[in-house]
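Reviewing the structure listed below.
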Amino acid sequence: MAAGTLAAVRATAGRWAAWCAVALGFSIPISVAFDNILLAATAATWLAAGAWRDTWHAARNNAVSLAALTLFSLLVLGTLYGERAPGDATAYLVKYMDLLFIPVFALLFRDAALRRRALHALAASLVLVLVISYLVAAGMPAVRPMFDSTGNPVAFKHALTHGILMAYGAFLFAELALAETSRVRRTLWTVASLAAAANVLLMVESRTGYVVLAVLAVYLGYGWLRWRGMAITMAVTATAVVVLALIPGPFQQRLGLAPDGPSQSRASQWAQISNAERLDMYRTTLAIIEERPLLGVGTGGFPRAYADHARAGGVTASRNPHNEYLLIAAQLGFGGLAVLIGLFWMHWRLAPRLASPLEHHLARGLLLTIGIGCLFNSLLLDHTEGLLFAWLTGLLFGGLKSRLGG
């Protein structure tokens, strides 16, 4: 093949890789199947473009990409030791493979126009999810929720993931409104933001969504008017929490605040049971970490180690402790936990060096979403949340400026 033809083929493959990455923004809130197809297509076209050298060169100058690669490397090494059931090492490692895509996405999203299209693809998808959720709540006969075992008006994802997506969606819409110059578009994004916030607080039972939304609201206020804006949003958020805690509804029920008695809802009873189970998970996982603090039990070794402790302690077995920090520490020891925290720290510290104030705030909002969510769930182990973190991190840090301002 002539050099010119090969260059043309690689350029075409590179464009296809970039557009597959853009399409992921629309797919992530909607379809796991399409996510996997688009991830495979992105990887295949990226390889066909021969971009691995450029990717590595860019990653060496991007501390966030390096931290993500380091964490995945430790997870690979973690498969070489410990005891686990057959297949568990591969199963866990595959779930963390999204970390490998962060430097790939960062390379593909170097162009500012492409990043804008990808962000709008994500925003459009979240608006679609929001509209369907409202249609489900309105009882539209043509719309059926895909996960609705507890009566939540959700679309495509279960209530926990839906709540996290809508909380970040409310923040994304608000940031787009603040960055918009057109009055009409600014108004539309503001309405979408308020509708998403109402969806989280009044319609869907998601405790993680409540906490993430509150923190993002405070951070939004800080980015808007600095400390004065932060004080305003903190006051509004505190007032909203008090009011919602006193009014019967999903918020009160999911926090287990509904009064005892015959009228107590199943959701409120389940919340109290769930809280007790989580405390058992945390205590049991801490016991595992105490036994193996340096190297942990190895990648995929958590289920067996937890089952052994669960039998001794009389608690229910689990494949993850619903806390990403504890899960990483249990598998990789304190060194792995330090790398995870380092990844999050570099993400926060380098955000001001991104290409625009919008991308700076979206990056920190993403980190707050995932970092706080990981206190209550193993989000990097979960498909949608883990892929959203990898995709959006790669997208935003594709515009990372060098120390020389380039």
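Here are some notes:
- Checked against the criterion of being in contact (Cβ under 8 Å) with a residue 24 or more places away in the chain and outside any loop (DSSP other than H, G, I, E, B), region 397-405 has at least one qualifying residue.
- Test: residue in region 70-77 that is surrounded by fewer than 18 Cβ atoms within 10 Å (Cβ to Cβ), modelled with pLDDT of 90 or more, aliphatic (A, V, I, L, M) and outside the structural domain of A11 (by TED's automatic domain parsing): yes
- Contacts under 9 angstrom Cβ, first residue in region 9-20 being closer than 9 Å to L108 by Cβ and not assigned by TED's automatic domain parsing to the domain that holds P103, partner of a type outside the set (K, R) and outside any helix (DSSP H, G or I), 6 or more apart: G14/A49; G14/G50; G14/A51; A17/A49; A17/A51; A18/F109; A18/D111
- Of all positions in region 371-383, at least one carries a residue that is surrounded by fewer than 24 Cβ atoms within 10 Å (Cβ to Cβ) and within 18 Å of F171 (Cα to Cα).
- Every condition in (1) among the polar types (S, T, N, Q); (2) at pLDDT below 95; (3) surrounded by 14 or more Cβ atoms within 10 Å (Cβ to Cβ); (4) not assigned by TED's automatic domain parsing to the domain that holds T393 holds for T55 except the one numbered (4).
- The helices (runs of 4 or more DSSP H) found wholly in region 270-380 and carrying at least 2 residues that are in contact with a Pro (Cβ under 8 Å, 6 or more places away or on another chain) and farther than 30 Å from R226 by Cα occupy 302-313, 324-350.
- A214 being part of a helix (DSSP H, G or I) and either at pLDDT below 90 or not assigned by TED's automatic domain parsing to the domain that holds Y96 (or both): yes
- Per the listing L99, L107, L93, the residue uniquely closer than 18 Å to N36 by Cα, surrounded by 21 or more Cβ atoms within 10 Å (Cβ to Cβ) and touching a Gly at 6+ places or on another chain (Cβ under 9 Å) is L99.
The values are calculated or read from the model by the stated rules, or taken from the named source; none is laboratory data. The model shown is predicted, which means the values in this text are computed figures rather than measured ones. All Cβ positions, glycine included, derive from the backbone under ideal geometry; neighbour counts span all protein chains shown.
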